[in-house]
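The values are calculated or read from the model by the stated rules, or taken from the named source; none is laboratory data. Predicted model, so just to flag it, every value in this text is computed and none were measured. In this analysis, Cβ positions are derived from the backbone assuming ideal geometry, glycine residues included, and neighbour counts consider all displayed protein chains. These accessible areas exclude ligands, DNA and RNA; they are computed on the full protein's heavy atoms, side chains included. Shrake-Rupley method; radii C 1.70, N 1.55, O 1.52, S 1.80 Å.
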Amino acid sequence: MTEAPQMGVNLSTTVPSQHQPPRFLQDVVFHGKLKLLKSQTPEEQIHCQQGLYFEDGQRRVDYVLTYHVKKPTGGRSSRQSNLLTENAVTRSLRRGPKHLRQHGRQRSSSAGVNVELGYSGETFSSQEDHKTFQREEFEKQLVDMGLELEKEEDTKVQGVGFLKIHAPWKVLCREAELMKLKMPTKKVYEVKQSGSVTEKISSLVSKILEPLHPQVEERQPKNIKHLSHTFSREKHHLFDLSDKESFFDSKTRSSIVFEILKRTKSKANYNVGITSLLGSGVYMAAYPLHDGDINEEATESNDRKLLYEEWANYSVFFKYQPIGLVRKYFGEKIALYFAWLGLYTQMLIPASLVGVIVFLYGCATVDDNIPSMEICHPENNITMCPLCDQVCSYWKLSTACGTARASHLFDNPATVFFSIFMALWAAMFMEHWKRRQMRLNYEWDLTGFEDEEDHPRAEYEFQVLQKSFRKHQKSKPKMEKLTYQDRLPAYMTNVVMMLLMIGVTFATVFGVIFYRISTKAALHMSSNPVTRSHVQLTVKTTAAIINLVVILILDEVYGAVARWLTVLEVPKTDKSFEERLIFKTFILKFVNAFSPIIYIAFFRGRFVGRPGSYLYVSESYRMEECAYGGCLMELCIQLSITMLGKQLIQNNLFEIGIPKLKKLLRYIQSKQGAVPEEERQKKLQRYETDHFLEPFAGLTPEYMEMIIQFGFVTLFVASFPLAPLFALLNNIIEIRLDAKKFVTELRRPVGARAKDIGIWYNILRGVAKVAVIINAFVISFTSDFIPRMVYQYKYSQEGSMHGFVNHTLSFFNVSHFQEGSEPLDQLHLGYPVEICRYKDYREPPWSNTPYELSKEFWTVLAVRLSFVIVFQNVVMLMSDIVDWLIPDIPKDISVQIHKEKILLVDLFMKEEQGKVRNLESRLSTGEKEKCDQGSNNSTDSFLKLS
């Protein structure tokens, strides 16, 4: 192994103040440090002052680890002593790994710690000493891996020490080869356009949309591309290494360092990687640095500032996203999310237009709708049966005029067309995304990328270690793996808890049902006539708001429960952990969001019974039924309030408000110190500023809210055609909100490679398939589309809708009411009632089979079931045709991929030919020298003989 690199001048700051060197030595080294800073260029001094580089101004800070330190008291003298004093660990680091290992053995033996079994037999004076020892062991391993470290403990952040990490060139090359990173070679080729009509039209459209593109400088023209190849140190001459500082950008450097941190093992107690050390509190945080400031007065331009101006800004909401720059700064995984979100938002534009047209069609035809006209006719004197027992009385059907007219806005023949359109839209969206994803894979040199096997998680290896100790009882047990029997208790807990949480959701739905029933009865008992006249609207609206509040609360609970259950399973890798967490979270949040809507769509009003034989929740409250206009209007109200509430409150208000609130708390805490917040912010280094930002928690919350929104847009779109429009308006804000959060509010995430969106694509496909089935049932059973069609083409004498209202109402003799359920006010309408009507297909009381289901009911039911089967199969067949017609890989991309393979073969052939020529030239030169030397020797021999 190569010799460990020298540390920075301020590496060690953990020595007590009584061990400071003499003052004259401090002054000498302090002035030497000033001399070093003066010898730097102005740009290097700026970088050094901003905290982006080591103290020498040459080595870039690729990663930062923070840890807790006890802050010593003192002013400038303590600052200088902390910068210059070295403890035993530092001296060992400077001497090399051998001395450091000796020091570790001495410390472990003196402290009574078994290095191989760090948690057994430890006699540390305090927990902080134990963490310090673990840090020293871990940092020694990092130095052995070739990383260069520099510590800074005398900072303006109280009680926090910073370990700055730099990866030298040799380490970067080694890790890039191990990680199989594709890097651009010297070979540059032109991406030729096919010249077809499609390409010309595309070029024309691109010119027209030029103002919508962000003002991001391109290093090379779009039709010029570098040929990329997996990096190899043996073939370094293939790559352009003229500027080694920019060959690996900051995103790649930080990802390389993070990979080393993940797999570096601390010998203290079998901790594996930085994840375990963060979990045990040895380190407080780990993060790469942002490139610089985003303030307008910042003189130096950087990618972060450019992203803030052209992406994370509400004033550029109409522009496309600079996905290439997002990928360069944050990595492929985050860039794929924003590319997917951008495409999803674009695809919502045609869906929104069609939805608005469908809604306007309903508005335009509401006055011509014959069933609504019959209900609203002033001479209509149809007497309806009471909606509840005793306190509710008989009522006129004409009072439901407003509900009937409003229902037509969402329940008209155009909604059937819109449901088919949205099913095909979902298929088009999925296919378009696959093509877009393939194009991005080509542009980002990920066409041959395969997900490598992740390192085992620290928690998994800890569980394996505990199992090995229990089984073998040895100091060095044989490492095994967790079997199905080991995980069986966790699996059983997962199943039980998932069922319990779903049961909680159903219980809340039932609670809201009970609220509606009891509140309706209570309002009907009110003496205020205005209150009694608005009972339906009051109950529906308040129940929907209560449902929304419960959904928002349970969402947070279910997120925590899903993470706890996933931790119990102890998945082996991070990828497995993420997929299991996503699946559990999606199931719980999906059920939570859509259970009230599913109840209203498919169950409400189906099991109420009939007058004289109602079904009761308890002894006094009967099951709720739909208004005459049907449950579709109530479904629309519930869906709109839930969707808009989740988007405005959970997705936007929480994302804006919570970071602002945390920033306010930090500001209040900082004001308690001696230094004002404004002055402190001016003096903070980059690694100190980033420490106060929120840590990146993954993309799962971002994807989850969009998948739930996708469900609102597709699953019940037949009842709410304006859902795509509200989703579009939300996403326009959501893109810039997420962008601003990533650029300004969060620590910079580690750039992760990915060629697709992972399990989210399968969830999207599943939601799209389920949407077809649900919309078929909504049109068939929730709306009146099928009863209207059956009446018009089978029972209507004129082939029109005249008489449809009377056809759907059955008769009931009020003398057949159950005892105690008849209205208390029999003369509410001013006259005694003998026959009332209710919405159902049943035989009249004067028939041979009174109140039995009529043949019209069975006819309508048969047509409804037939429609579900036909609709589902036709739409899915059309979706499969769309899937078949649209290729997953664009033709031009497949041609370019094939061309790159040929160019790569030519490049290697030229390389081999060059090697052969060099070898031949060397051989020919050597033979010529031998011949010349031989002729000289022969001449000398001849002269001697003569």
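So here's what we get for this one:
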| item | result |
| --- | --- |
| Enumeration of residues in the stretch 595-618 that are touching a helix residue (DSSP H, G or I) at 6+ places or on another chain (Cβ under 7 Å), surrounded by 18 or more Cβ atoms within 10 Å (Cβ to Cβ) and in a loop (DSSP other than H, G, I, E, B) | 612 |
| When residues of the stretch 527-564 are limited to those that are among the charged types (D, E, K, R) and under 39 Å from the mean Cα position of the chain (by Cα), the one nearest to residue 495 (Cα to Cα) | 563 |
| Count - residues of the stretch 840-896 that are under 23 Å from residue 770 (Cβ atoms), β-branched (Val, Ile, Thr) and open to solvent by 60 Å² or more (accessible area, probe 1.4 Å) | 4 |
| Qualifying residue in the stretch 447-460 (condition: within 25 Å of residue 839 (Cβ to Cβ) and either at pLDDT 85 or above or surrounded by fewer than 19 Cβ atoms within 10 Å (Cβ to Cβ) (or both)) | no |
| In the stretch 377-388, residue most open to solvent (accessible area, probe 1.4 Å) [restricted to those that are assigned to a loop (DSSP other than H, G, I, E, B) and touching a strand residue (DSSP E or B) at 6+ places or on another chain (Cβ under 8 Å)] | 381 |
| Any hit, the stretch 734-742, residues being in contact with a Lys or Arg (Cβ under 9 Å, 6 or more places away or on another chain), open to solvent by less than 30 Å² (accessible area, probe 1.4 Å) and over 30 Å from residue 370 (Cβ atoms) | yes |
| Meets criteria (touching a residue at least 40 places away in the same chain (Cβ under 8 Å), in the same structural domain as residue 609 (by the TED database) and not basic (Lys, Arg)) for residue 800 | no |
| Meets criteria (assigned to a helix (DSSP H, G or I) and in contact with a Leu (Cβ under 7 Å, 6 or more places away or on another chain)) for residue 592 | yes |
| Matching residues, the stretch 802-822, being open to solvent by less than 50 Å² (accessible area, probe 1.4 Å), part of a loop (DSSP other than H, G, I, E, B) and at pLDDT 85 or above | 803, 808, 817 |
| Restricting the stretch 339-371 to residues that are loosely packed, with under 14 Cβ neighbours inside 10 Å and in contact with a helix residue (DSSP H, G or I) (Cβ under 7 Å, 6 or more places away or on another chain), the residue that is nearest to residue 717 (Cα to Cα) | 349 |
| Check on residue 722, open to solvent by 20 Å² or more (accessible area, probe 1.4 Å), within 20 Å of residue 355 (Cβ to Cβ), in the same structural domain as residue 340 (by the TED database) and in contact with a Gly (Cβ under 6 Å, 6 or more places away or on another chain) | yes |
| Residue 916, sole failed condition from (1) without any contact (Cβ under 8 Å) to a residue 40 or more places away in the chain; (2) more than 30 Å from residue 231 (Cα to Cα) | (2) |
| Residue count for the stretch 619-640, restricted to those that are open to solvent by less than 40 Å² (accessible area, probe 1.4 Å) and at pLDDT 75 or above | 13 |
| Cβ pairs under 6 Å, 6+ apart, first in the stretch 449-468 and assigned to a loop (DSSP other than H, G, I, E, B), second crowded, with 17+ Cβ neighbours inside 10 Å and at pLDDT 70 or above | 449/755; 455/262 |
| Residue in the stretch 762-772 that is within 28 Å of the chain's Cα centre (by Cα) and of a type in the set (Lys, Arg) present | yes |
| Pairs, first open to solvent by 60 Å² or more (accessible area, probe 1.4 Å) in the stretch 513-525, second outside any helix (DSSP H, G or I), C-beta under 7 Å, six or more apart | 514/617; 525/391 |
| Flag for residue 566 being surrounded by 19 or more Cβ atoms within 10 Å (Cβ to Cβ), among the polar types (S, T, N, Q) and within 25 Å of residue 466 (Cβ to Cβ) | yes |
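Quick grid of which residues meet (1) of a type outside the set (Phe, Trp, Tyr); (2) not in a loop (DSSP other than H, G, I, E, B):
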{"position": "305", "(1), (2)": "yes, yes"}
{"position": "328", "(1), (2)": "yes, yes"}
{"position": "359", "(1), (2)": "no, yes"}
{"position": "372", "(1), (2)": "yes, yes"}
{"position": "375", "(1), (2)": "yes, yes"}
{"position": "390", "(1), (2)": "yes, no"}
{"position": "393", "(1), (2)": "yes, no"}
{"position": "398", "(1), (2)": "yes, yes"}
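Conditions (1) part of a strand (DSSP E or B); (2) over 19 Å from residue 250 (Cα atoms); (3) at pLDDT below 90, marked per residue:
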site: 154; (1), (2), (3): no, yes, yes
site: 164; (1), (2), (3): yes, no, no
site: 184; (1), (2), (3): yes, no, yes
site: 192; (1), (2), (3): no, yes, yes
site: 199; (1), (2), (3): no, yes, yes
site: 204; (1), (2), (3): no, yes, yes
